[in-house]
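To start, the structure itself, in structure tokens.
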Amino acid sequence: MRQASDNEPWGFASATSVPDGGIAVAWAVAIKRDAAQGEPHLRWLPHPIFPCPAEGLGAGEVAIWLAAVSGGQDDNAGTSEPTALNLERSATILDAQERERLARFRHIDDRCSYLAAHAGTRFILASIVDRSPDALQFRPSQHGKPMLLDSPMEIDFSLSHARGVVAVTASRMAVGVDVEPLRDITHLKSMSELVLSEDEQSVVRQVPKATRSQLFLRYWTLKEALLKAAALGFSIAPNALTVDAGPAPTVLSVPSELGPAAQWQLSAGVTRLMHRQ
């Protein structure tokens, strides 16, 4: 695996983290435990190009790429070995359906986030299954989760994009990811009623007002990651799930469609990413 050096130029989507400033994001990963794969653990990718060693994704590993996206800028133009995504190269590997959806976004930041998420997914999966990123084919599951076709190994993946940030995960286990920029949530009470169980709403009410939006986003990303991993999407109401959103997040109760709560493992955090306007 080629390692990125600190002095290489930027792409339009970069995973460089910073202690202060930048864009703060809440992220969450959900994994369906598989005893045959061993104890799950996250492998953080510095960029989506050449992310895996020659033997591919290891048993129990969850590859994750988290990146800030700059709207329309590509400081890597003309370089042969970018540390992050090259804008022009990324656009060439999408299929016709992805390009059509990309064109529907009116705001440049939304287009770039969509492009980064889908191109990043293709680069990561291509490295794992040893194929060209533009040759990969997908189909949606019953509830819309994209599935990789004709793979030489069982690989599940998940992607998430919001304005200015993207996340991609891949694993040999069922996996889901979600990411959201930290921000104040308007109409927090009504949003909480839609997303949170009664017990979770009570927890949010007990924290200081200044931190309620961040706690809500932690719950939100945990639940969306879980529903993505289960390939159920919002066919299940998020307020039907109950999770502990504390330092070691845990699934407490789920509808029968998700099986036993104990089979799900959650990881979550807040990361600051370098963001160029």
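Here are some notes:
- Remark: spin-label model distance residue 210-residue 183 equals 2.2 nm, labels positioned 7 Å along the Cα→Cβ axis.
- For residue 173, the residues whose modelled amide H falls within less than 5 Å of its own, excluding neighbours fewer than 5 places apart on the same chain, are 156.
- Our estimate of slack between residue 137 and residue 59, defined as 0.36 nm per intervening residue step minus the Cα-Cα distance, is 25.7 nm.
- At R0 = 51 Å, FRET efficiency that the Cβ-Cβ distance of residue 106 and residue 154 yields, to 0.05: 0.85
- Taking 0.36 nm per residue of sequence separation and removing the Cα-Cα distance, the residue 235/residue 191 pair yields an extension gain of 14.1 nm.
- Accessible-area composition of the range 86-245, carbon plus sulfur, in percent [1.4 Å probe]: 49 percent
- With all protein chains kept in place, the per residue accessible area of the range 90-204 amounts to 49 square angstrom at a probe of 1.4 angstrom.
- Proximal charge balance of residue 137 [Cβ under 13 Å; K/R count +1, D/E count -1]: -1
- Full extension of the segment from residue 198 to residue 274, taken as 0.36 nm per residue of separation minus the current Cα-Cα distance, would add 23.7 nm.
- Each residue of the range 26-35 was assigned a 3J(HN,Hα) from its phi angle through the Karplus curve 6.51 cos²θ - 1.76 cosθ + 1.60 (θ = phi - 60°); the sequence is 9, 10, 8, 10, 10, 10, 8, 4, 10, 4 Hz, with glycine and proline shown as x.
- In the context of the full set of protein chains, the range 218-277 has a per residue accessible area of 42 Å² (1.4 Å probe).
The values are calculated or read from the model by the stated rules, or taken from the named source; none is laboratory data. Just so it is clear, the model here is predicted, and its values are computed rather than measured. Cβ: placed from backbone, ideal geometry, glycine included. Neighbour counts: every protein chain shown. Accessible surface areas use protein heavy atoms only, side chains included; no ligands, DNA or RNA. Shrake-Rupley method; radii C 1.70, N 1.55, O 1.52, S 1.80 Å.
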